[in-house]
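The structure appears below as structure tokens.
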Amino acid sequence: HMYDLSIWTVLLLALAAGSAGWVDAVSGGGGLLQLPALFIALPAGSEVNALATNKLSSIFGTATAARTYIKHLTPDWKTALPMASVAFAFSALGATTAHAVPTKYFGTAIVIALAIVWIWTLMNPLMGAESNMRSSGGTRHYAVAIFVGAIIGFYDGIFGPGTGSFRLIALVGLLGYSFLSASSAAKIVNLGTNAAALIVFGFSGSILWTLGLLMAVCNIGGAYFGARTAIRRGSPFVRLVFLGIVAILIVRMLCRRHSGCGG
């Protein structure tokens with residue numbers, strides 16, 4: 001059921017999905033726009049439906065962005081595929097245990113982690129300007145990639161906010177990718193975690209299919225243009241969008257902890 005959503009609410013959700021697709025394709029973090037919009041639009045008590053419908057819409061956008069990136073710059077498959085597989089498994093694990101873990105402690109830890117990531121990115125303007133692969137192709141490179149895939153996959157399944165930002169910065173900071181190639185590899189890993197969460201939500205019957213597919217169409221459009229913009233404007237642009245999105249994420253999460261301003 002679509003609930004009883006007005007045409008304006010549906011249009012607002014469509015707009016949020018389009019913008020989310022764009023942001024997600026450039027730097028990750030589209031959930032910042034799409035998920036709160038769903039929480040506001042759907043009646044109280046349907047949070048799981050909002051989470052599930054958000055995943056349905058995003059997976060189409062992620063697939064579109066991945067395809068656009070792959071056509072223009074070859075991702076590092078040898079790293080992205082094992083990372084995506086591990087992330088898939090751990091995301092399913094996270095989604096399954098989500099209800100058993102008190103997420104109230106997550107908030108503080110994540111705000112601190114994001115603040116560190118933000119300051120570090122700001123202070124290192126050359127980081128991620130171009131690929132500078134650390135121990136490329138060596139055992140350490142794959143070990144780090146798989147470890148990152150597992151941790152971030154589990155986190156994505158269990159909680160989620162900021163996953164895209166953490167994944168991007170791990171690829172840039174720990175593995176030495178440029179922001180642009182990191183964004184391209186991140187999309188492939190993201191497909192894995194989204195698919196796992198979708199399967200879990202699908203079995204529990206939480207997805208609002210009509211609304212989700214309508215939003216998916218807008219998300220696809222946004223993702224296509226976002227990926228093209230990132231490819232055309234390169235790593236400095238991706239870095240700027242990344243800094244902007246992480247700043248908004250920090251402010252939003254702090255707001256929610258104190259007084260719940262706007263959400």
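The values are calculated or read from the model by the stated rules, or taken from the named source; none is laboratory data. These numbers come from a predicted model, not from an experiment. Cβ coordinates were reconstructed from backbone atoms using ideal geometry, including for glycine residues, and neighbour counts include every protein chain displayed. For the accessible areas, the whole protein counts, side chains as well, though only heavy atoms, and no ligand, DNA or RNA atoms are used. Shrake-Rupley method; radii C 1.70, N 1.55, O 1.52, S 1.80 Å.
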Inset, instruction - Determine the distance separating the Cα centre of the range 131-201 from the Cα centre of the range 43-102; give it in Å without decimals. - result: 11
Inset, instruction - Using a cut-off of 11 Å between beta-carbons, work out the net charge of the residues near S183 (Lys and Arg +1, Asp and Glu -1, S183 not included). - result: +2
Inset, instruction - Calculate, for H258 and R140, the FRET efficiency according to 1/(1 + (r/R0)^6) with r their C-beta to C-beta distance and R0 30 Å; round to the nearest 0.05. - result: 0.15
Inset, instruction - Normalising by the residue count of the range 154-263, find the relative contact order in percent from Cα pairs under 8 Å and 6+ residues apart. - result: 28
Legend entry - Probe 1.4 Å, protein heavy atoms only - accessible area per residue of the chain in square angstrom: 46
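How much of the accessible area of the chain, in percent, comes from carbon and sulfur atoms when a 1.4 Å probe is used?
Exposed carbon and sulfur together represent 71 percent of the surface.
How large is the dipole of the range 22-116 about the Cα centre if only Lys and Arg carry +1 and Asp and Glu carry -1, each at its Cβ, rounded to the nearest 20 debye?
On the way: 5 positive and 3 negative charges, 31 e Å.
Here the range 22-116 has a charge dipole of around 140 debye.
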Inset, instruction - Working from Cα positions, state the angle (0 to 90°, nearest 10) between the long axis of helix 31-41 and the longest principal axis of the chain. - result: 0
Inset, instruction - Specify which residue in the list P36, T79, N49 is farthest towards the positive end of the charge dipole of the range 1-159, using unit charges on the beta carbon of Lys, Arg (+1) and Asp, Glu (-1), about the Cα centre. - result: T79
Legend entry - Options [x] 17.1; [y] 21.0; [z] 12.9 - which one matches mean projected area of the Cα convex hull in nm² as calculated here: [z]
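With Cβ to Cβ distances under 11 Å as the rule, what net charge do the other residues near A223 carry (K, R +1; D, E -1)?
On the way: positive: R67, K187, R228; negative: D24.
With Lys, Arg at +1 and Asp, Glu at -1, the net is +2.
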